[in-house]
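What follows is a single structure, and I will ask about it in a moment.
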Amino acid sequence: MAPLATLESVKVRRSTHSPLLNLIGLAIVVGLLSAAPWIVSQSLASILMNFFILVTMATMWNLLAGYAGMVSIGQQAFVGLGAYATLYFAIKGMNPFVAIPLAALVCGAIAFPVTYLLFRLRGGYFSIATWVIADTALLVIGTIAFFGGGTGHLLPGLSNLGPRALTDAEYLATWIVAFCAILGTYLLLRSRLGLVLASMRDNEVASRSSGARVTSARRMVFVVAAAGCGAAGAVLAISQPFVQPNSVFSLQWAAEMIFVTMIGGLGTIEGPIVGSIIFFVLQQSLQQQGAWYLIIFGTVAMVVAIWQPRGLWGAFRAKFHVELLPVGHWVREAKPEK
Amino acid sequence: MIWVNVLIQGILVGGFYALFACGLSLMFGVMKVINLAHGDVAVVAGYTAVFLAPQLHIAEVWSFVVVVPIFAVAGYVIQRTLIQKSIDRDPFTTLLVTFGLSVVIENLLLEIYSANGQSVNIGSLIGDSIHVSNVIYISYISLTVLITAIVVLGALQLFLSKTGTGRLIRAVADDREAAQLSGANYRHIFGIAAAIAFATVALAGIAYGMMTEIAPTSGGINLLYAFESVVIGGIGSLWGTLVGGVLLGIAQQVGAQINPEYQVLAGNLLFLIILGVRPHGLFGKKTAFS
Amino acid sequence: MTSGAEPPVSTHESLFEVRDLSVFHGQLCAVDHVSFSVGRGEVLAMIGANGAGKSTLLRTIAGLHEAANGTIVFAGSDVSTLAPHRRVALGISLVPEGRRLFSTMTLEENLQVGAHFAKKGPFSIDKIYQLFEWMPDRRRQRVGLFSGGEQQAVAIGRALVTNPQLLLLDELSLGLAPIVIERIYALIPEIVSQGVGVLLVEQDVTQAMAVADRVHCLLEGKTSLVGTPAQLTPQQIERAYFGSDLSGTSPHGGAA
């Protein structure tokens, strides 16, 4: 009986079309986005800023849920902590922009011991516990007079720049944070840690076990996601710039990052980006005020989760075998030589 | 003496938390589902009671007679459609869908009612209390809710241990496939469990509306308390949930006594301590953790 | 496929038939175009090595697994698409591999769950207590603490209490001491005398042959041998079970 395939007849590739094309396309996009404040209108640049903040958060949430199997509804804890860390450094005299990476580090540092508590729970109980953490962070910050308690505090250190320069700097900061978040996730998933995560995903038993390697992979991912959300919180504080507990710790961030990823596609890097694009396009065209956008988005997210769990990008990718930011492999049988 | 009052208030509110939480506990025990919209169901029940009572020309205090059965049916239907479809996918999807449901419900309520609260009016009962001493007050409504909680939990426990359907529920919770092989339609059993969960939380929602004002976002906070009660008391134990609720209530009252801002925080801290020191809670069986 | 003579026609009244059944586990074909029948009061033993497809076959008959093709006919009607609980209602009852008792519940409660949907018939809970004399004293004990043999007895009792017409037994002897296995198997004549058809799956060939009216052997999902215990030689069975015997010939002819 003839073997099904020989080693020579099978090709293993990162994606089906030329990676060079991919790279050129991405370079163009990156170039355009970097130059945006000088190319497009102020209002579009402002929308792009919010887009970048959402993409950052969604990418981090996707890393947690789509790749490491942890459904967190409490990432807003780190958004808030990142904002308040930035506030702290700014009050102490540091340039808020310089404080961004520091805020991210602070959040990562806080996340590390938190995992020792959180990882005692699984599934839905883990999820609610993340929310308890967020609630606790909100409450604790709210009692600290240094930060202005429940009323909040204005972020100092922004008045040296002129208004135009300030908005340009804010834009660049959010863009750089988003870019780093996506690049960082991409590199992480292509690293050895990414392999561990991929094997956890494919093997249900491994993902439920608490073997040392699995647990430390999860811990690492949780810390990274916290840092990423912290950075998002930092640029959020800079862009608002009145830092208030109920705003930066709001469950709304959780809802947005989750819905956007669910719709775009869990477990792919492009998914959160696609979802965020859809979100903003819809938000602009609908011009909804109040809570309707969340209602509609939530409903769409639920529908997508049940009927198209790979999300819109996941479905597109499965059909056309396209990867913009490939982290997996395709195995194809090579076409026979004529 | 003040601390005796703190203790008593804690016990009273603990009863409410237990009533709120028993449905959450049941749904997890039977179908391994955490319904993140559990708290919001209670809030919708409260608003429904306020809406229906004048329509049906009954006093709001009796609204539960109508509302609870409605929610039992709603729970069955939602379970057999939305939640079952999510379960068929994977536990992940169930979490995400119930989360989405929660956000949608809360925001719908916000749109309809705006952020002002609506209070379920029970006329002369509200605010009346037994004065045991100068410092110790036991409000009638809180006492009623505590007694209701104990009665409901007791009835539920009896139902599960003594009746045929209760046995089926326990069997499905224990080993779903084996239950199917014994003739049980597990989807139907899931529906019944959800119906009970929705009914009890609807009752809790109405009680809540009698004790304080309901707001569209009240569901979230109470879900938190319910969850904390279950974890402190021990996942998988109904009476444990009562104990957990009471302990949570006491912790919160102690915190509030020190500084009103610390009330919720004190409860969260107790929860985190139990999580760190004894994750399966006081009476729990090991089901939800590593 | 070899047999001693023509596949024997069952002398029992027709009850249950499987026609050309195939079942897949992902891409692996676990059951490959298998056909057989079981009559009332008849015992058919399905034997074969580990992984031969026997348990998958039983689970498919019970409704826990979907077949890729073929039909399952019970009491004249096609049950291939029915949910498990409906098949129980019709009279098919499976004692699953590994017993699968409700370990948090007592002995009596386990039986009560089985009896909840039971049709009328000879097997009531009291009848089960007669069959197993040790049970009444321990009816309020949690079955999680019982020994393997005791658990197996409870599992059989739980299935019997539904008053089935076709009883499916999956690897009764697994993990049990020989004397316990003998006692369990001693029940089968009693069950069969009530007109119940029995389809049992066993790795222990000797035990299976001792109670069976007919034997059906599976090898890698395919039927490799059918016959009555009287007709079949040990060598034939060995070949059918393992795919070859000690002398190296395969049941499909030619060298292994």
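Give, in whole angstrom and from largest to smallest, the semi-axes √(5λ) of the equivalent ellipsoid of the stretch B:1-144, with λ running over the eigenvalues of the Cα gyration tensor. List each step's numbers first, then the result.
Values: eigenvalues 212, 87, 38 Å².
Semi-axis lengths for the stretch B:1-144 are 33, 21, 14 Å.
To continue, here is another question. Between A:R213 and A:I144, 0.36 nm times their residue separation minus their Cα-Cα distance comes to what?
Details: separation 69, 0.36 × 69 = 24.84 nm, distance 3.84 nm.
Computed gain between A:R213 and A:I144 is 21.0 nm.
Averaging the inverse of every distinct alpha carbon separation and then flipping it gives the Kirkwood radius. What is it for the stretch C:36-118, in angstrom units? Each step should come with its number before you reach the end.
Values: mean 1/r = 0.0685 Å⁻¹.
Taking the inverse mean of 1/r over all distinct Cα pairs, the stretch C:36-118 comes out at 14.6 Å.
DSSP loop trypsin sites (Lys or Arg not before Pro) in the stretch A:95-186 with at most 10 other Cβ atoms within 10 Å of their Cβ, which ones? Walk me through the numbers before you get to the answer.
On the way: sites: A:R120, A:R122, A:R164; in loops: A:R120, A:R122.
Passing sites in the stretch A:95-186 do not exist.
Based on the Cβ-Cβ distance of C:A49 and C:S147, what FRET efficiency does E = 1/(1 + (r/R0)^6) give at R0 = 30 Å, to the nearest 0.05? Working shown, then result.
Numbers: r = 27 Å, r/R0 = 0.91.
Efficiency for this residue pair is about 0.65.
Along each principal axis of its Cα atoms, how long is the stretch B:142-290 end to end? Whole angstroms, biggest number first, please.
56, 36, 26
Can you list which of the GluC sites (Glu not before Pro) found in the stretch C:97-191 are DSSP loop residues with at most 15 other C-beta atoms within 10 Å? Walk me through the numbers before you get to the answer.
Working: sites: C:E97, C:E108, C:E109, C:E133, C:E150, C:E171, C:E182, C:E190; in loops: C:E97, C:E133, C:E171.
When the GluC sites (Glu not before Pro) of the stretch C:97-191 are filtered for loop state and at most 15 Cβ neighbours within 10 Å, C:E133 remain.
Using a 7 Å offset from the Cα along the Cα-to-Cβ direction at both C:Q203 and B:S129, what is the distance between the two label points in nm, to one decimal?
Between C:Q203 and B:S129, the label points sit 6.8 nm apart.
In whole percent, what relative contact order does the stretch A:92-224 give with Cα contacts below 8 Å and a gap of six or more residues? Intermediate values should be presented prior to the final figure.
Numbers: 49 pairs, mean separation 41.3, N = 133.
Across the stretch A:92-224, relative contact order equals 31 percent.
Report the FRET efficiency, 1/(1 + (r/R0)^6), for B:T163 and A:A318, where r is their Cβ-Cβ distance and R0 is 51 Å, rounded to 0.05.
Details: r = 48 Å, r/R0 = 0.94.
After rounding, the FRET efficiency stands at 0.60.
Let me ask something else. Inside 10 Å of the C-beta atoms of B:221-234, what's the mean count of C-beta atoms belonging to other chains? The partial results should precede the final answer.
Values: counts 1, 0, 2, 4, 0, 1, 7, 3, 0, 2, 6, 0, 0, 0.
Going residue by residue through B:221-234 and averaging, the value is 2.
Between the helical axis of B:238-258 and the dominant principal axis of chain B, each derived from Cα atoms, what acute angle in degrees is found, rounded to the nearest 10?
30
Counting only other chains, what is the mean number of Cβ atoms within 10 angstrom of the Cβ of each residue in peptide A:134-145? Each step should come with its number before you reach the end.
Working: counts 0, 7, 7, 1, 2, 9, 4, 0, 2, 4, 0, 0.
Going residue by residue through A:134-145 and averaging, the value is 3.
Residues in the stretch B:195-236, backbone N under 15 Å from the label point at B:V73 (7 Å along the Cα-to-beta-carbon vector): list them, ranges by number please.
Only B:195-196, B:199 fall inside the zone, counting backbone N under 15 Å.
About the Cα centre of the stretch C:124-235, what is the dipole size in debye to 20, counting +1 per Lys and Arg Cβ and -1 per Asp and Glu Cβ, all else neutral?
Working: 9 positive and 12 negative charges, 67 e Å.
Computed about the Cα centre, the dipole is about 320 debye.
Per the Kirkwood definition applied to all pairs of different Cα atoms, how many angstroms is the hydrodynamic radius of chain C? If you can, show how the numbers build up before the last one.
On the way: mean 1/r = 0.0536 Å⁻¹.
About 18.7 Å, per the Kirkwood formula over Cα pairs.
Given Cα pairs under 8 Å that are at least 6 residues apart, what percent is the relative contact order of chain C? Don't skip to the end; give the middle numbers.
Details: 515 pairs, mean separation 69.9, N = 256.
Normalised by residue count, the contact order of chain C is 27 percent.
Nearest 0.05, what FRET efficiency do B:F51 and A:L282 give at R0 = 35 Å with Cβ-Cβ as r? Could you put the intermediate results ahead of the total?
Details: r = 31 Å, r/R0 = 0.90.
That pair, B:F51 with A:L282, gives E of 0.65.
Now for a different question. Given B:K32/B:K162; C:K54/C:K119; A:K319/B:K32; A:K319/C:K54; B:K162/C:K119; B:K162/C:K54, which pairs have Cα atoms separated by over 30 Å? It would help to have the intermediate numbers written out before the result.
On the way: B:K32/B:K162 23 Å; C:K54/C:K119 28 Å; A:K319/B:K32 33 Å; A:K319/C:K54 38 Å; B:K162/C:K119 22 Å; B:K162/C:K54 38 Å.
Over 30 Å Cα-Cα: A:K319/B:K32; A:K319/C:K54; B:K162/C:K54.
Averaged across the residues of C:43-54, what count of C-beta atoms belonging to other chains lies within 10 Å of each residue's C-beta? Spell out each step's value before the answer.
Working: counts 0, 0, 0, 0, 0, 0, 0, 0, 0, 0, 0, 0.
Mean number of neighbouring Cβ atoms from other chains: 0.
How big is the convex hull of the Cα atoms of the stretch B:2-277, per residue, in Å³? Mind showing how you got there, number by number?
Working: hull volume 37.7 nm³, N = 276.
Enclosed volume per residue, from the Cα hull, is 136 Å³.
Indicate, rounded to the nearest 5 percent, the antiparallel portion of the DSSP beta bridges found entirely in the protein assembly as shown.
60
Within the stretch A:245-277, name every residue whose backbone N is under 15 Å away from a label modeled 7 Å from Cα of A:I47 along the Cβ vector.
Under cut-off, by backbone N: A:276-277.
What is the diffusion coefficient of the stretch A:40-250 in µm²/s, taking the Kirkwood radius over Cα pairs and the Stokes-Einstein relation at 4 °C with a viscosity of 1.567 mPa s? Mind dumping the intermediate values first?
Numbers: Rh = 17.5 Å.
This corresponds to a translational diffusion coefficient of 74 µm²/s.
In Å, what is the Rg of the alpha-carbon atoms in the protein assembly as shown, and how long is Dmax?
Considering the protein assembly as shown through its Cα atoms, Rg and Dmax are 31.9, 101 Å.
Report, to the nearest 10°, how far helix B:64-78 tilts away from the longest principal axis of the Cα atoms in chain B, using its own Cα long axis and a range of 0 to 90°.
Helix B:64-78 sits at roughly 30 degrees to that axis.
Rounded to the nearest angstrom and ordered from largest down, what semi-axes does the equivalent ellipsoid of the stretch A:87-131 get from its C-alpha gyration tensor (root of 5λ)?
31, 9, 8
Same structure again: In nm, to one decimal, how far is the C:A177 label point from the A:F242 one, both placed 7 Å along Cα→Cβ?
8.0
Let me ask something else. Applying a 10 Å radius around every beta-carbon, put C:78-85, A:62-69 in order of their mean neighbour count, most first. It would help to have the intermediate numbers written out before the result.
Working: C:78-85: 16.8, A:62-69: 24.9.
Order by mean packing, descending: A:62-69, C:78-85.
Shifting gears a bit: When the chain is fully extended, how far beyond the present Cα-Cα distance does C:A230 get from C:E97, taking 0.36 nm per residue of separation?
Working: separation 133, 0.36 × 133 = 47.88 nm, distance 2.80 nm.
The span from C:A230 to C:E97 would gain 45.1 nm if fully extended.
Also, quick follow-up: Taking other Cβ within 10 Å of each residue's Cβ, how do C:F132, A:F279, B:F227, B:F159 sort, fewest first? Show your work: numbers first, answer last.
Details: C:F132 17, A:F279 23, B:F227 28, B:F159 14.
Lowest to highest Cβ neighbour count: B:F159, C:F132, A:F279, B:F227.
May I pose another question? If each residue of separation counts as 0.36 nm, what is the full-extension length gain between B:L143 and B:Q257 once their alpha-carbon separation is subtracted? Could the numbers behind the result be given before it?
Numbers: separation 114, 0.36 × 114 = 41.04 nm, distance 2.06 nm.
Here the segment from B:L143 to B:Q257 would lengthen by 39.0 nm.
Still on this structure: So which trypsin sites (Lys or Arg not before Pro) in the stretch C:114-181 end up in coil per DSSP with only 16 or fewer other C-beta atoms within 10 Å? Each step should come with its number before you reach the end.
Numbers: sites: C:K119, C:K120, C:K127, C:R138, C:R139, C:R140, C:R142, C:R158; in loops: C:K119, C:K120, C:R139, C:R140.
Within the stretch C:114-181, the qualifying trypsin sites (Lys or Arg not before Pro) (loop, at most 16 other Cβ atoms within 10 Å) are C:K119, C:K120, C:R139, C:R140.
What percent do you get for the relative contact order of chain B when only Cα pairs under 8 Å and 6+ apart count? The partial results should precede the final answer.
Details: 497 pairs, mean separation 102.9, N = 290.
Contact order relative to length: 35 percent.
Just so you know, all these numbers are worked out from the coordinates, no wet-lab data involved. Computed from a predicted structure; not experimentally measured. Note: ideal-geometry Cβ built from the backbone for every residue, glycine included; neighbour counts use all protein chains shown.
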